[in-house]
Protein chains: 2
Amino acid sequence: MVTKNAMPTPLCGELPAEAVQAARFEKARSAQASAVLEDYVELIDDLLTSQGEARPTDIARRLGVSHATAIKSIGRLKREGLATSKLYRGVFLTPRGLDLAARVRARHRLVVDLLVAVGVPPHCAELDAEGIEHHVSDTALAAFARFLGHERPTDDGAEVE
Amino acid sequence: MVTKNAMPTPLCGELPAEAVQAARFEKARSAQASAVLEDYVELIDDLLTSQGEARPTDIARRLGVSHATAIKSIGRLKREGLATSKLYRGVFLTPRGLDLAARVRARHRLVVDLLVAVGVPPHCAELDAEGIEHHVSDTALAAFARFLGHERPTDDGAEVE
DNA sequence: GCTTTTTTGTAGCCTCGACTACATTTTAGG
DNA sequence: CCTAAAATGTAGTCGAGGCTACAAAAAAGC
Ligand SMILES: [Mn+2]
Ligand SMILES: [Mn+2]
Ligand SMILES: [Mn+2]
Ligand SMILES: [Mn+2]
């Protein structure tokens, strides 16, 4: 039913190979655009849970960037409705931010588990997953869960079969 | 060289979580910085092989960006010593560019194969691999090859047969 | 309470990768 | 050959995400 597309085989309704390829790159670019936001919400949620608060300075240190950079990115989080902040009281996640954080964390773990399951050394899996995670689609994620024998991939109910 | 702190040698799991995490993010950022270059050389090599030439316009169309964007990026490829170009004669790869292209293509294929092997639908594997590939380390790649049953995954040219 | 340190925020600068608009050059058509 | 179309290149703008340097406010120390 779907395309079998292993090479230049534009079965997707007569789409030229160029368009298919362009769409692929476009998808990767789009994923990258949200990568920073995803890492921030995951980390903020982390800090809120473990420390009870998420201060810009802590966020910056954990991310390995300057505090100025972190504050600017937090500004973007706020613009996008993912976070709020109180002066000298740290950063908080909106419901949307919390939801995103939960999905991002689950995805991160699943990616690491998958890498380890296919033989990647755990330490290396952790390293690579930080970048890989942002490019793993829900479909692939579901496949990962199936491969790992998890019976409950996500709470999203996105099934592929 | 461990005399930075009073702490003994961190055993890659015992060191400050902050530093580990920061290093992880730093590695992901670094990988992303070369993602565009990698996609360009892979595509240019593709076009040179299949079409005999790699024109900026073709490159732009395949990547789904404007020709101005492509030309600017090609400029960066040239600055970095990966490509050359002749006016109205297209873009060519330097030896370094060719080498990079070969490695990038092999990695791309291996990533797709791995995804398919763990149950990701082929079409989806193609899509996701475009972004994932840039974050897969040599170590992980070797693990992928092993998992797929490939014989001796050319780890730094170490021939063992 | 006053001073010092830490934290937070701003301002200004950079590169990269995207875009549009315009200019030029080559190629193709008549 | 001369003109129209296509390809190529330039210029200028933008936002994102880095940085440093400086300014101000809060927390900590004394
Ligand atoms: Mn990440
Ligand atoms: Mn993560
Ligand atoms: Mn790619
Ligand atoms: Mn690729």
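Hey, any idea what Rg/Rh is for segment A:60-161, computing Rh the Kirkwood way over Cα pairs?
Details: Rg = 16.2 Å, Rh = 15.5 Å.
With Rh from the inverse mean 1/r over Cα pairs, Rg/Rh is 1.05.
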Whole-Hz Karplus couplings 3J(HN,Hα) for segment B:91-98, θ = phi - 60° and coefficients 6.51, -1.76, 1.60, Gly and Pro as x, run 10, 10, 9, 6, x, 4, x, 5
With the label set 7 Å along Cα→Cβ, A:PRO121 is separated from its counterparts in the other copies, in nm and shortest first, by 3.7
So, with points 7 Å from each Cα along the Cβ direction, the A:ARG109-A:ALA17 label distance in nm works out to 4.3 nm
Residues whose modelled amide H sits under 5 Å from the amide H of B:GLY90, counting only those 5 or more places away in sequence or on another chain, are none
Simple SL model, points at 7 angstrom along Cα→Cβ for B:ASP99 and A:HIS67; separation in nm is 4.4 nm
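Arranged by the count of other C-beta atoms within 10 angstrom, fewest first, what order do B:ARG107, B:ARG79 take? Don't jump to the answer; show the numbers that get you there.
Working: B:ARG107 22, B:ARG79 9.
With the sparsest Cβ surroundings first, the list reads B:ARG79, B:ARG107.
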Shortest first and in nm, the label-point separations between A:ARG109 and its counterparts in the other identical copies (7 Å out along Cα→Cβ) come to 3.7
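Please report the projected area of the protein assembly as shown's Cα convex hull averaged over all directions, in nm². Don't skip to the answer; put the middle values down first.
Numbers: hull surface 82.3 nm².
If you wrap the Cα atoms of the protein assembly as shown in a convex hull and average its projections, you get 20.6 nm².
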Under 29 Å between C-alpha atoms, the lysine pairs in segment A:4-138 lying 8 or more places apart or on different chains count 5
Going fewest to most other Cβ atoms within 10 Å around each Cβ, B:THR94, A:THR49 line up as A:THR49, B:THR94
Computed ³J(HN,Hα) along segment B:60-67: with the Karplus parameters 6.51/-1.76/1.60, θ = phi - 60°, integer Hz and x for glycine or proline, the list is 4, 5, 5, 7, x, 10, 6, 5
With the charge dipole of segment B:82-125 built from beta-carbon charges (+1 for Lys and Arg, -1 for Asp and Glu) about the Cα centre, the Cα from B:GLY90, B:GLY119, B:ALA101 projecting farthest to the positive end belongs to B:GLY90
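Every number here is computed from the coordinates shown, using simple stated rules; none is lab data. Remember, it's a predicted structure, so these values are computed and weren't measured experimentally. Cβ coordinates were reconstructed from backbone atoms using ideal geometry, including for glycine residues, and neighbour counts include every protein chain displayed.
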